[in-house]
Amino acid sequence: MHESIELIEKLVNGIDTFNRLRKQEIEIGVTPKQEVYREDKVVLYHFQSQAENLFNIPIVIVYALVNRPYIVDLQEGRSLLANLLNLGLDIYLIDRILDFKFWILDCWRSLRREDSKSKI
């Protein structure tokens, strides 16, 4: 019985923490960037290093289509992008503006096309 009460207290505390986080303004993707190219739903961003450019070869990050690239730039002090920029790297990131409803519809259509071509 004591374990059940502890579990319920932990759940209530977790819900309270989650509600407080939702009420706070949490900024993600805080590293300054410049949009350098856009076509349809594809955007290319450039992150300019503030440090001296130690490397002449830029890094291009191409993120998975179903994930969001802001995961590499979560918060100030917790950003892979900011850390790479501090090393003097020149970074480009390709993002796809994704509307999941249309993405799922496109996947379904392509599967239907593939099915119609199969000889099974």
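Mind listing whichever residues of segment 55-80 are in a loop (DSSP other than H, G, I, E, B) and within 19 Å of residue 96 (Cβ to Cβ)?
Just the residues of segment 55-80 that are in a loop (DSSP other than H, G, I, E, B), to begin with: 55-58, 63-68, 76-77.
Matches in segment 55-80: 63, 64, 65, 66, 67, 68.
Counting only residues that are charged (D, E, K, R) and in a strand (DSSP E or B), how many does segment 36-54 have?
Going through segment 36-54 one residue at a time, the tally reaches 2.
Tell me the residue from 74, 80, 98 that is surrounded by 11 or more Cβ atoms within 10 Å (Cβ to Cβ) and modelled with pLDDT of 85 or more, please.
80
The values are calculated or read from the model by the stated rules, or taken from the named source; none is laboratory data. In this text the structure is predicted, and so the values were computed from the model without any measurement. Using ideal geometry, Cβ is built from the backbone for each residue, glycine included, and neighbour counts are taken over all protein chains shown.
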